[in-house]
């Protein structure tokens, strides 16, 4: 029997820079709903979908969209909670075996659907990697690529302008092999860095990011209207 993959959307209530960030309206839709709608397209393709949150308003959105909601405990709903703890909690609640765990952050809603299948294919072939992270070039240096492996560099003494290849996670996608969360959390030892060829990505952290997201989505919708006309 082929195991399913699990898609987790982490969407807690609190946020520092933007109040109720996951509920902020973007083109008249709550930010979290953009990722929910994206993930629902995967449900027909051997994926389970769950939203992990401590927010009652997000729970109502999930109920309306017929998406499974997991109430996240308070101890896993603060600034210091790691995504690995959120994943472990979700898997414990579901009590099912999965092949891969796909984490989709609501704050990075500009994704292509084939990004998911491409990532799974890579990990199916690259058995020596136990996770995958979607990356893009950036002006601030946060890691480097060595033989496809993304290696975060937290203590680099080099100036960013002296480094040619600078990458950071877009937040669009994280994929983990499920064995990392079978009985306890095992942090990935080798992470594959999937480099984006799309510069139109946004990781919402401040108001400027929201303005950029609105610009990209408006442009995309206008293009669809033109194609239909």
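Descriptive notes on the structure:
- Residue identified as over 21 Å from residue 113 (Cα atoms), surrounded by fewer than 18 Cβ atoms within 10 Å (Cβ to Cβ) and modelled with pLDDT of 95 or more among 19, 13, 25, 59: 59
- Any chance residue 79 is out of contact with any strand residue (DSSP E or B) (no Cβ under 8 Å at 6 or more places or on another chain), in contact (Cβ under 8 Å) with a residue 24 or more places away in the chain and closer than 26 Å to residue 202 by Cα: yes
- In segment 89-114, residue farthest from the chain's Cα centre (by Cα) [restricted to those that are more than 25 Å from residue 23 (Cβ to Cβ) and either outside any loop (DSSP other than H, G, I, E, B) or free of Cβ contacts under 8 Å to residues at least 60 places away in the same chain (or both)]: 95
- Qualifying residue in segment 28-45 (condition: over 26 Å from residue 124 (Cα atoms), more than 18 Å from the chain's Cα centre (by Cα), surrounded by 13 or more Cβ atoms within 10 Å (Cβ to Cβ) and modelled with pLDDT of 90 or more): yes
- Restricting attention to segment 50-69 and to residues that are part of a strand (DSSP E or B) and in contact (Cβ under 8 Å) with a residue 40 or more places away in the chain, the residue that is farthest from residue 102 (Cα to Cα) turns out to be 53.
- Residues satisfying the stated conditions in segment 149-178, i.e. outside any strand (DSSP E or B) and either at pLDDT 95 or above or touching a helix residue (DSSP H, G or I) at 6+ places or on another chain (Cβ under 8 Å) (or both): 166, 178
- Of all the residues in segment 1-49, those that are part of a strand (DSSP E or B) and out of contact with any strand residue (DSSP E or B) (no Cβ under 9 Å at 6 or more places or on another chain) number 4.
- The residue list 146, 211 contains one member that is surrounded by fewer than 12 Cβ atoms within 10 Å (Cβ to Cβ), modelled with pLDDT of 65 or more and within 20 Å of residue 105 (Cβ to Cβ), which is 211.
- Annotation: residue 141 fulfils all but one of (1) out of contact with any strand residue (DSSP E or B) (no Cβ under 7 Å at 6 or more places or on another chain); (2) modelled with pLDDT of 65 or more; (3) surrounded by 12 or more Cβ atoms within 10 Å (Cβ to Cβ); the unmet one is (2).
- No other residue among 197, 203 is on the phi < 0 side of the Ramachandran plot, surrounded by fewer than 14 Cβ atoms within 10 Å (Cβ to Cβ), at pLDDT 65 or above and part of a loop (DSSP other than H, G, I, E, B) apart from 197.
- Scanning segment 46-56 for residues being more than 15 Å from residue 77 (Cα to Cα) and surrounded by fewer than 15 Cβ atoms within 10 Å (Cβ to Cβ) gives a total of 1.
Each row is one residue, and each column tells you yes or no for (1) closer than 17 Å to residue 52 by Cβ; (2) crowded, with 19+ Cβ neighbours inside 10 Å; (3) touching a helix residue (DSSP H, G or I) at 6+ places or on another chain (Cβ under 7 Å); (4) at pLDDT below 95.
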residue	(1), (2), (3), (4)
94	yes, no, no, yes
103	yes, yes, yes, no
114	no, no, no, yes
118	no, no, no, yes
132	no, yes, yes, no
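The values are calculated or read from the model by the stated rules, or taken from the named source; none is laboratory data. None of these values were measured; they are calculated from a predicted model. We place every Cβ from the backbone using ideal geometry, glycine too, and count neighbours over all the protein chains shown.
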